[in-house]
1. Can you pull out the residues in the range 73-99 that are farther than 16 Å from Leu38 by Cβ and surrounded by fewer than 16 Cβ atoms within 10 Å (Cβ to Cβ)?
2. Within the set of pairs 6 or more residues apart or between chains, which connect a residue that is within 17 Å of Gly55 (Cβ to Cβ) inside the range 68-97 to a residue that is among the small types (Gly, Ala, Ser) with Cβ atoms less than 7 Å apart?
3. Mind counting the residues in the range 54-72 that are of a type in the set (A, V, I, L, M) and surrounded by fewer than 11 Cβ atoms within 10 Å (Cβ to Cβ)?
4. Taking the range 56-79 on its own, how many of its residues are at pLDDT 90 or above and touching a Leu at 6+ places or on another chain (Cβ under 9 Å)?
5. Starting from the range 33-51, take each residue that is modelled with pLDDT under 90 and list its partners that are exposed (fewer than 15 other Cβ atoms within 10 Å of the Cβ) and not aliphatic (A, V, I, L, M), counting only C-beta distances under 7 angstrom and pairs at least six apart or across chains.
6. If the Cβ limit is 6 Å and pairs must be 6+ apart or interchain, which residue in the range 8-28 that is free of Cβ contacts under 8 Å to residues at least 40 places away in the same chain pairs with which residue that is in a loop (DSSP other than H, G, I, E, B) and not hydrophobic (A, V, I, L, M, F, W, C)?
7. At pLDDT below 65, of a type in the set (D, E, K, R) and closer than 22 Å to Thr18 by Cβ, is that true of Glu113?
Amino acid sequence: MNNNLNFKDFIFTKTPSTSENWLKLSNKDRVGLINIELKKVNLEDFEVFKTPDNGQIVFKVSKPIPSSERGILLLDLEIKLKENIDKGLTVWFEPVGDKSKLRNMRGIKFQSE
């Protein structure tokens, strides 16, 4: 372990933003590029939901992904998209409503956008 690593050094590091190339693409073209990358890594269960100018790509997933696998899967996908499409992209899942029957019976509801 590197004891010289100081996380305070990263405080002022600028987060990469999307490029002019990304901003010029239509939604259809963005989705097409992302789908090519999804096929390369065998993620056919992923569907592109949003491709905003800010690069926060939102996916819908047709089947549940265990939480033990989800984080690594998203990080790996984000790395591929950054390397092959645009360095300013980030990956998100569409918020899903609470599926707990007990909480739903109590009237507690979580709403997505």
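1. Passing the criteria: Lys87, Pro95, Val96, Gly97, Asp98, Lys99.
2. Asp86/Ser19; Asp86/Gly55; Gly88/Ser17; Gly88/Ser19; Gly88/Gly55; Leu89/Gly55; Thr90/Gly55; Glu94/Ser112
3. Within the range 54-72, residues that are of a type in the set (A, V, I, L, M) and surrounded by fewer than 11 Cβ atoms within 10 Å (Cβ to Cβ) number 1.
4. Matching residues across the range 56-79 total 6.
5. Asp45/Ser62; Asp45/Lys63
6. Pairs that qualify, where the first residue is free of Cβ contacts under 8 Å to residues at least 40 places away in the same chain and the partner is in a loop (DSSP other than H, G, I, E, B) and not hydrophobic (A, V, I, L, M, F, W, C), are Leu23/Asp53; Asn27/Thr51.
7. When the stated conditions are applied, Glu113 passes them.
The values are calculated or read from the model by the stated rules, or taken from the named source; none is laboratory data. These numbers come from a predicted model, not from an experiment. Ideal geometry is used to build each Cβ from the backbone, glycine not excepted, and the neighbour counts take in all protein chains shown.
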